[in-house]
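Just so it is clear, none of the values below were taken in a lab; they were calculated from the coordinates. Bear in mind that the values here come from a model prediction, so they are computed numbers and not experimental data. Quick reminder, even Gly has a Cβ in these numbers, built from the backbone with ideal geometry, and neighbours come from all protein chains shown.
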Amino acid sequence: MRALVISGGGSKGAFAGGVAQYLIEHEKREYDMYLGTSTGSLLIPLLANNRVEKAYEMYTNVTQRKIFSNNPFIVRKKGDKEYVAINYMNVLWQLLKRKRTFGESKNLRKQIRKHFLEEDFDLIRATGKEVVVTVSNLSKNRVEYKSIMDFDYEDFCDWIWMSCNYVPFMSLAKKDDFEYADGGLGCVIPIREAIKRGASTVDAIILETENMEHNKVVGKNPFSLMVNLYSFVLDQLESRDVIEGKLAAMNKNVKLNTYFTPTRLTENSLYFNKDLMRQWWAQGKTYAQDRVKIEQDPKRVGIAG
Amino acid sequence: MRALVISGGGSKGAFAGGVAQYLIQDLNRDYSMFLGASTGSLLVNHLALGDIEKIKNIYTSVTNEDIFDSCPFLIKYKHGSQHISINHLNVVRNFIRGSKTFGESNNLRRLIERTFTKEEFSALRKLKKDVVVTVSNLSLNQVEYKSIMDFEYEEFCDWIWISGNYTPFMSLVKVDGCEYADGGLGTMVPIEEAIRRGATEVDAVILHTEITQFNRMPSRNPFSLLTTMFSFMLDRITYQNIRIGKFVASHNNAIINFYYTPTVLTTNSLIFDKQRMKSWWQSGYEFAKIKNSNTNQLNVDKQ
């Protein structure tokens with residue numbers, strides 16, 4: 001059984017889209033299982049139906065408006081460099097409304113419904129492909145994996161949405177009396193889950209550079225410190241998830257192909273810039289091409305190994 | 001080579017102390033390596049010295065004032081149990097002072113220096129035992145392990161302190177231009193590092209139950225949501241460390257003995273309550289005793 005696993009990573013998902021497009025369209029890889037976290041969960045239902053052009057359209061036409069109903073970020077320009085700052089007004093407004101998160105992402109829920117229609121949903125179920133999204137159950141303190149087979153259309157759209165909700169900047173959703181947040185908080189890249197579900201070959205797209213050590217500027221105020229701490233812990237979780245996946249693959253004799261991003265794409269993956277995302281998509285495609293060449297050339301694998 | 005690894009867990013560290021007391025005093029385990037993260041880093045120095053009475057006294061008499069000089073919490077008693085709420089006044093005062101964190105823990109630094117003296121430090125270095133604490137380097141985005149062998153007294157005290165600094169509630173410390181925080185943010189249970197340093201038998205005290213046994217109450221404000229999410233992620237890190245530790249151990253033929261807490265000790269490990277910490281110490285001691293009497297017979301069979 002062949003599985004495609006896509007990690008979380010916000011706007012960097014465009015790169016994953018490019019890689020997946022190459023693997024599916026050029027390499028004609030047929031997957032029986034699709035697993036995703038966060039941005040990966042958005043991609044996989046479309047990829048499972050081979051609707052790559054739809055995913056491309058969604059990822060290259062995205063704006064902040066299409067995701068946030070209340071945007072906690074603001075884009076400022078310093079010279080010709082754009083950077084993202086916190087929109088304190090919006091955050092304050094959220095707090096005054098007695099909301100617990102800094103922003104709301106209700107628009108994303110609408111986007112999901114718009115791009116992933118009920119007929120797409122039925123088609124996936126009819127073909128018997130398994131599409132699994134990762135969510136974090138904060139109330140029960142555990143990571144949950146939601147398969148398309150177990151839910152109806154509306155519920156599954158909810159799960160996709162929750163899997164992407166990067167709390168505290170996006171909505172915190174409640175379902176069945178439990179509070180759910182971004183799957184990335186629990187498991188950024190569910191390679192281990194894919195192996196548990198019986199995959200024998202796993203293609204994993206990891207939206208980070210292979211070596212995650214880089215210099216970070218630690219923020220000047222408590223708010224940005226929180227964000228820094230947060231991303232630090234997430235990075236640690238991610239690198240550990242990858243190691244765990246590799247170890248599990250070694251243990252179970254599973255073939256694991258990893259696709260890391262060759263360079264660090266962005267500092268803030270919650271900032272959606274159409275042009276950049278189009279670039280990343282193209283970059284993903286060429287990168288996958290090179291990687292596949294290396295994989296298929298036994299001599300070069302020998303040297304690398 | 002035997003190693004003792006103690007995970008992070010704030011006030012629950014008292015339980016680890018009890019377990020370690022039994023292992024060191026009653027079973028006479030001779031460890032050549034001690035690794036700790038967060039609260040574990042505070043324990044390991046005295047354990048390595050064999051001065052268990054002293055660290056027990058510290059852990060069973062510590063109060064919030066000994067740790068925080070600006071405490072971001074208020075503790076309220078409601079329906080017989082302790083609840084934590086944010087101390088808005090202190091937090092605002094901290095912001096005005098230009099601090100990046102909600103609270104400051106300079107008192108903990110003083111406590112470390114008071115209880116772990118320079119003489120003890122030199123004695124410990126002479127023992128040739130490796131004492132390693134875990135810290136998170138936020139600027140370089142990596143976890144670092146600091147061994148007692150590589151530092152002077154003052155520096156090492158700093159590392160112990162940093163390892164225990166649960167940011168954003170405690171201080172954020174700058175060393176050599178890099179900003180450091182609690183080791184627990186990166187590695188909760190440094191088993192992997194112990195094995196990498198050559199340990200063949202690891203006793204790991206994990207201040208966490210083996211399976212999650214509680215439901216979290218829904219958070220009521222952004223502040224408590226953040227703490228909820230943090231503890232969610234830290235729990236994940238604990239489990240990851242354990243799973244990777246097991247993989248690495250089986251790969252290197254090392255043995256790990258796990259000591260999990262048998263019950264959920266507390267849901268807020270930042271409240272330091274003398275009475276409860278005393279009872280945790282005792283229950284840790286009893287637990288290690290029961291656990292070892294159960295497993296000893298197996299050892300006899302094997303031999």
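If the cut-off is a Cα-Cα distance under 26 Å, which lysines reach residue B:54, setting aside same-chain residues fewer than 8 apart in sequence?
The qualifying lysines are B:12, B:118, B:126, B:128, B:129, B:146, B:274, B:278, B:289, B:291.
So if each residue of separation counts as 0.36 nm, and I subtract the Cα-Cα distance between residue A:88 and residue A:293, what length gain in nm does that give?
Length gained, residue A:88 through residue A:293: 69.0 nm.
Run lengths n ≥ 4 of DSSP H only: what is the helix-derived mean residue ellipticity at 222 nm for the protein assembly as shown, with -39500 (n - 2.57) per run over all residues, to the nearest 500?
For the protein assembly as shown, the value works out to -14000 deg cm²/dmol.
Provide the gained length on full extension for the span residue B:57 to residue B:119, in nm with one decimal, where the gain is 0.36 nm per separating residue minus the Cα-Cα distance.
20.4 nm
Taking 0.36 nm per residue of sequence separation and subtracting the Cα-Cα distance, how much length would be gained by fully extending the chain between residue B:93 and residue B:282, in nm to one decimal?
Length gained, residue B:93 through residue B:282: 64.2 nm.
Which residues make up the longest stretch of chain B clear of trypsin sites (Lys or Arg not before Pro) that lie in a DSSP loop with no more than 16 other Cβ atoms within 10 Å, not counting the sites?
It runs B:129-219.
Farthest toward the dipole's positive end in the protein assembly as shown, which of B:234, A:89, B:183, given Cβ charges of +1 (Lys, Arg) and -1 (Asp, Glu) about the Cα centre?
A:89
Modelling each spin label as a point 7 Å along the Cα-to-Cβ direction, I'd like the residue A:126/residue B:147 distance in nm, to one decimal.
Between residue A:126 and residue B:147, the simple spin-label model gives 6.4 nm.
Using Cα centres only, tell me the gap between segment A:72-118 and segment B:116-167 in whole Å.
41
Might you report the magnitude of the Cβ-based charge dipole of the protein assembly as shown about its Cα centre, with Lys and Arg at +1 and Asp and Glu at -1, to the nearest 20 debye?
Approximately 940 debye in magnitude.
Take every Cα-Cα pair in chain A and report what % of them are more than 23 Å apart.
54
Distance in nm between label sites at residue A:268 and residue B:215, each 7 Å beyond Cα in the beta-carbon direction?
A separation of 3.8 nm, rounded to one decimal place.
Can you give the longest stretch of chain A with no exposed loop site, where a site means trypsin sites (Lys or Arg not before Pro) in a DSSP loop (not H, G, I, E or B) with at most 16 other C-beta atoms within 10 Å?
The reported range is A:141-219.
Quick check: the distance between the Cα centres of segment A:151-196 and segment B:8-32, to the nearest angstrom?
Measuring centre to centre over Cα atoms gives 39 Å.
With both bridge residues required to lie in the protein assembly as shown, what share of the DSSP beta bridges run antiparallel, to the nearest 5%?
Around 50 percent of the beta bridges assigned by DSSP in the protein assembly as shown are antiparallel ones.
To the nearest 0.05, how large is the calculated FRET efficiency for residue B:267 and residue A:253 if R₀ is 35 Å and r is the Cβ-Cβ distance?
Here the calculated transfer efficiency is 0.30.
For segment B:152-219, which chymotrypsin sites (Phe, Trp or Tyr not before Pro) pass both filters: DSSP loop (anything but H, G, I, E, B) and at most 14 other C-beta atoms within 10 Å?
Filter output for segment B:152-219: B:214.
Tell me which DSSP H helices of chain B clear both cut-offs, 18 Å or more of axial length from alpha-carbon atoms and a mean Kyte-Doolittle hydropathy of at least -1.0.
Correct list, ordered by number: B:222-252.
What ranking of B:251, B:79 emerges when the number of other C-beta atoms within 10 Å of each C-beta is taken as an exposure proxy, fewest first?
Neighbour counts put them in this order, fewest first: B:79, B:251.
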